[in-house]
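What follows is a set of notes on a single structure, which appears directly below.
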Amino acid sequence: MDKNFEIHLKERSLERLSSISKSDIHSHAGRGGKVDYISSWAKAEITQPPRKFESLNHMQSWYSDNIKIYCPGLQGHLKRWEAAFAQASKDNITVLALSFAASEIDFVGGMESFIKILKEYNQQFAPNTTFLPELTFDRACDTEDEFSKLDEILSYDFFKSVDICCDEFAQPIRNFKKIFRKAKEYSLRLKAHVGEFGSADDVMEAVEELELNEVHHGIAAAESNYIMKWLADHKIQLNICPSSNVMLGIVESYAVHPIRKIYHAGIPVTINTDDLLIFNQTISQEYLNLYTANLMTAEELNKVREIGLKEASYYVE
Ligand SMILES: [Zn+2]
């Protein structure tokens, strides 16, 4: 294990933390870049996000009014993807999962051009990064409609994982069973956003119903020792985004974030950005925030970093 990461955490040096290899495996592609990358391209002064958002809707409207307004349309969308790869290179993110909705494939004219664009961005802006594309479904989607497009999309053998995102309460998770069985047939890794706004029971239900390998967020699991033990026994990984949780008011502060409890329950956890263009904290900052808040030790955070880097090995054929 590279002990330099622990040394740089203790030095509280963002610059040196940036030089160490890390992962980001919960990042929505169109929001995965850094604000300054977009503002210098758009020649616009972008305002800082508020310290806390009142709700997911407040966050979405803030994003539309303050960020998306400067990078609209196809050109703006592509620039935001590019920004995500540029950021991976800048912060030494050597394992990067970015999630895309099927509508984004249509937006660039279908799977062939979608794959071409992303392979070029990976090569040009982050050549040392292992890129793991993830196909995400809006929890409110028409699951039959999405299912009908799935074989065509997955036949390209490009996506490595599937996910369900957005409003956790939009419809029962079991409605996605057919989609997830199909994704499993294609040997994709199965993930879903759950236990962010929902409960510990929701996390367990989703993992059981969809046979998830990983949960995006999942922090509500900390409410139940029984469910934490169950997740640990089944080695279900939680991809946690501390700044997202704090800024959306789900967690009061870094100092009381449940990641510590979840980690000590023996559940594999990773630290991720979620929406860097909104929450504005890089992966290096995310680690430093938890260290500075005295939530976890440098040794523990280094172990978390190692868990994240292992993500790439799950996809080796
Ligand atoms: Zn997310």
Practice task
Scan segment 178-195 and report the pairs whose first residue is within 17 Å of Q237 (Cα to Cα) and whose second residue is away from the ligand (no atom under 16 Å from the Cβ) and polar (S, T, N, Q), with Cβ atoms within less than 6 Å and a gap of 6+ or a chain change.
Solution key: R189/N213; L190/N213
Problem - Number of the condition not met by Q75 [criteria: (1) at pLDDT 95 or above; (2) more than 27 Å from A312 (Cβ to Cβ); (3) in contact with a helix residue (DSSP H, G or I) (Cβ under 6 Å, 6 or more places away or on another chain)] - result: (3)
Exercise for the section: Could you please find all residues in segment 261-278 being surrounded by 24 or more Cβ atoms within 10 Å (Cβ to Cβ) and part of a helix (DSSP H, G or I)? Expected result: L276, L277
Handout entry: Single unsatisfied condition, S64 versus (1) away from the ligand (no atom under 16 Å from the Cβ); (2) touching a residue at least 40 places away in the same chain (Cβ under 8 Å)
Key = (2)
Practice task
Spot the failing condition for I115; the list is (1) of a type in the set (A, V, I, L, M); (2) crowded, with 20+ Cβ neighbours inside 10 Å; (3) assigned to a helix (DSSP H, G or I), and only one is missed.
Solution key: (2)
Problem - Count of segment 38-56 residues which are of a type in the set (F, W, Y) and closer than 20 Å to G76 by Cβ - result: 1
Completion exercise
Subset of segment 278-317, residues away from the ligand (no atom under 16 Å from the Cβ), more than 18 Å from A232 (Cβ to Cβ), hydrophobic (A, V, I, L, M, F, W, C) and in contact (Cβ under 8 Å) with a residue 60 or more places away in the chain, comes to L288, A298, L301, L309, A312
Exercise for the section: Out of D202, D275, report the one residue that is within 16 Å of the ligand (Cβ to nearest atom), more than 26 Å from A298 (Cβ to Cβ) and in contact with a helix residue (DSSP H, G or I) (Cβ under 6 Å, 6 or more places away or on another chain). Expected result: D275
Handout entry: Residues (of a type outside the set (D, E, K, R), away from the ligand (no atom under 16 Å from the Cβ) and in a loop (DSSP other than H, G, I, E, B)) located in segment 2-38
Key = S13, S19, I20, S21
Practice task
State whether one or more residues within segment 38-49 are modelled with pLDDT under 95, surrounded by 12 or more Cβ atoms within 10 Å (Cβ to Cβ) and closer than 30 Å to E300 by Cα.
Solution key: yes
Handout entry: Total residues in segment 138-174, condition farther than 19 Å from F197 by Cα and either aromatic (F, W, Y) or in a helix (DSSP H, G or I) (or both)
Key = 15
Problem - Of residues in segment 15-35 being more than 19 Å from the chain's Cα centre (by Cα) and farther than 15 Å from T273 by Cβ, the one surrounded by the most Cβ atoms within 10 Å (Cβ to Cβ) - result: I20
Practice task
Could you tell me whether segment 148-170 includes any residue that is farther than 17 Å from L210 by Cα, buried (at least 19 other Cβ atoms within 10 Å of the Cβ) and either touching a His at 6+ places or on another chain (Cβ under 7 Å) or of a type in the set (F, W, Y) (or both)?
Solution key: yes
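The values are calculated or read from the model by the stated rules, or taken from the named source; none is laboratory data. Only a predicted model underlies this, so the values are computations on that prediction, with no experimental measurement involved. Every residue, glycine among them, receives a Cβ derived from its backbone with ideal geometry; neighbour counts consider all protein chains shown.
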